[in-house]
Amino acid sequence: MKKGVRSKQGINAKTDREIVDLLLQEDAAAWEYVLTEIIAPLSKNKKYREICAKHCISTDSIVTNVWIILHKNNYRRLRNFRFASSLKTYLFI
């Protein structure tokens, strides 16, 4: 992973397209932002926890699992994102 030169606050001001581009460039600050500010809070959402429990998925491993899924096949899921929704919505689905 490349060292990020941008702060999380700077990443927050970027468009979804810019964030995805940074993720594909392995920008550490962009990855930290997505995992800590978008994905991690999901594990605290009551409805999402209920869905995970129903399917026997540990909410403790959500961040790790999302990171693994997004890295598979040379970032295929990120490269396939068509920006028809927000990045946050895309990652939640």
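Pairs are defined by a Cβ separation below 9 Å, a sequence spacing of at least 6 or placement on different chains, a first member in the stretch 9-25 that is assigned to a loop (DSSP other than H, G, I, E, B), and a second member that is surrounded by fewer than 20 Cβ atoms within 10 Å (Cβ to Cβ) and among the β-branched types (Val, Ile, Thr); no pair meets this definition. How many residues are part of a loop (DSSP other than H, G, I, E, B) and open to solvent by 90 Å² or more (accessible area, probe 1.4 Å) if we restrict to the stretch 40-55? Number satisfying all stated conditions: 1.
When residue 21 is tested against (1) farther than 21 Å from residue 82 by Cβ; (2) open to solvent by 60 Å² or more (accessible area, probe 1.4 Å); (3) not small (Gly, Ala, Ser), only condition (1) is not met.
Yes or no: residue 75 assigned to a helix (DSSP H, G or I), at pLDDT 95 or above and touching a helix residue (DSSP H, G or I) at 6+ places or on another chain (Cβ under 6 Å)? Yes: the conditions hold for residue 75. Only a single item in (1) within 14 Å of residue 91 (Cβ to Cβ); (2) crowded, with 17+ Cβ neighbours inside 10 Å is not met by residue 29, and it is number (1). Close contacts from the stretch 28-41, counting a first residue that is charged (D, E, K, R) and a second that is assigned to a helix (DSSP H, G or I), with Cβ to Cβ under 8 Å and a gap of 6+ residues or different chains, come to 32/8; 37/8; 37/12.
Looking at the stretch 56-78, which of the residues that are under 21 Å from residue 21 (Cα atoms) and in contact with a Lys or Arg (Cβ under 7 Å, 6 or more places away or on another chain) is most open to solvent (accessible area, probe 1.4 Å)? The extreme case among them is 69. Is it the case, given these coordinates, that residue 37 is among the acidic types (Asp, Glu) and either open to solvent by less than 70 Å² (accessible area, probe 1.4 Å) or under 25 Å from residue 13 (Cα atoms) (or both)? For residue 37, the condition - among the acidic types (Asp, Glu) and either open to solvent by less than 70 Å² (accessible area, probe 1.4 Å) or under 25 Å from residue 13 (Cα atoms) (or both) - is met.
The values are calculated or read from the model by the stated rules, or taken from the named source; none is laboratory data. This is a predicted model, so every value here is computed, not measured. Don't worry about glycine lacking a Cβ; one is built from the backbone with ideal geometry, like all the others, and counts go over all protein chains shown. Protein only, heavy atoms only, side chains kept; ligands, DNA and RNA dropped before computing areas. Shrake-Rupley method; radii C 1.70, N 1.55, O 1.52, S 1.80 Å.
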